[in-house]
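Visitor: Encoded as structure tokens, here's the structure I'll be asking about.
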Amino acid sequence: MEAHPAAPDADTRFRLLCALRASPGLTVAQLARALAVDHSTAAYHLDRLVAAGVVVCLRHGGRRHSFPAGGLPRERALAVTQRRGAAALVLARVGAEPRSLGAIAQGLPLTKSGVHWHLRRLVALGLVAEAPARRGRQYLLTGAAPAGAAKDLSPRAPACWRAS
């Protein structure tokens, strides 16, 4: 008996979706390693799942992070930030009150320019807001990232992404 030609594709897509449910926010390279397939194979099947509306992607820092459909944009942004350890450190230093770049960078194992790079990405994700100040800019958490956002950076996936 011959296997149906679509069966290997369905199996790969199912495994890809299971990997994303277990660990949302993976990049194509991470998915390829997790599934032990070529990068191009993982990208192809990921594109098909995106086209079908089963998976959504978020671009951040030159990478495309993938998530099962559902969940809130805030949860996706926090998951991406969690995967980037330095960004999580920077986010933890930003507070509800406006803080300068120097105040945020103080005590972090990053250069001021590195902190600024992460702040720009956090602003693009909508987790941090920029406010003009007398000298330079100040940064504060947005409504999308409430005070204590660092506590939200847990390694567990949100309930809506876990397999039922």
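Visitor: Of the numbered conditions (1) small (G, A, S); (2) assigned to a helix (DSSP H, G or I); (3) surrounded by fewer than 21 Cβ atoms within 10 Å (Cβ to Cβ), G70 fails exactly one; give the number of that condition.
Guide: (2)
Visitor: For the condition small (G, A, S), more than 14 Å from A129 (Cα to Cα) and either assigned by TED's automatic domain parsing to the domain that holds L16 or out of contact with any helix residue (DSSP H, G or I) (no Cβ under 7 Å at 6 or more places or on another chain) (or both), what is the one hit in A69, A96? Give the steps one after another, and end with the answer.
Guide: Working: A96 fails: more than 14 Å from A129 (Cα to Cα).
None of the other options fit; the residue is A69.
Visitor: Oh, and also: Going through the stretch 1-27 one residue at a time, which ones are modelled with pLDDT under 85, surrounded by fewer than 14 Cβ atoms within 10 Å (Cβ to Cβ) and either touching a Phe, Trp or Tyr at 6+ places or on another chain (Cβ under 6 Å) or not in a loop (DSSP other than H, G, I, E, B) (or both)?
Guide: Result: A7, P8, A10.
Visitor: Another question, then. Might you let me know whether the stretch 99-109 holds any residue that is part of a strand (DSSP E or B), free of Cβ contacts under 8 Å to residues at least 60 places away in the same chain and not polar (S, T, N, Q)?
Guide: At the first step, the residues of the stretch 99-109 found to be part of a strand (DSSP E or B) are 99-100.
Applying the additional criterion that residues be free of Cβ contacts under 8 Å to residues at least 60 places away in the same chain yields 99-100.
Now narrow it down to the ones that are not polar (S, T, N, Q): 99.
Scanning the stretch 99-109 turns up at least one residue that is part of a strand (DSSP E or B), free of Cβ contacts under 8 Å to residues at least 60 places away in the same chain and not polar (S, T, N, Q).
The values are calculated or read from the model by the stated rules, or taken from the named source; none is laboratory data. Values in this document were obtained by computation on a predicted structure and should not be read as measured data. Note: ideal-geometry Cβ built from the backbone for every residue, glycine included; neighbour counts use all protein chains shown.
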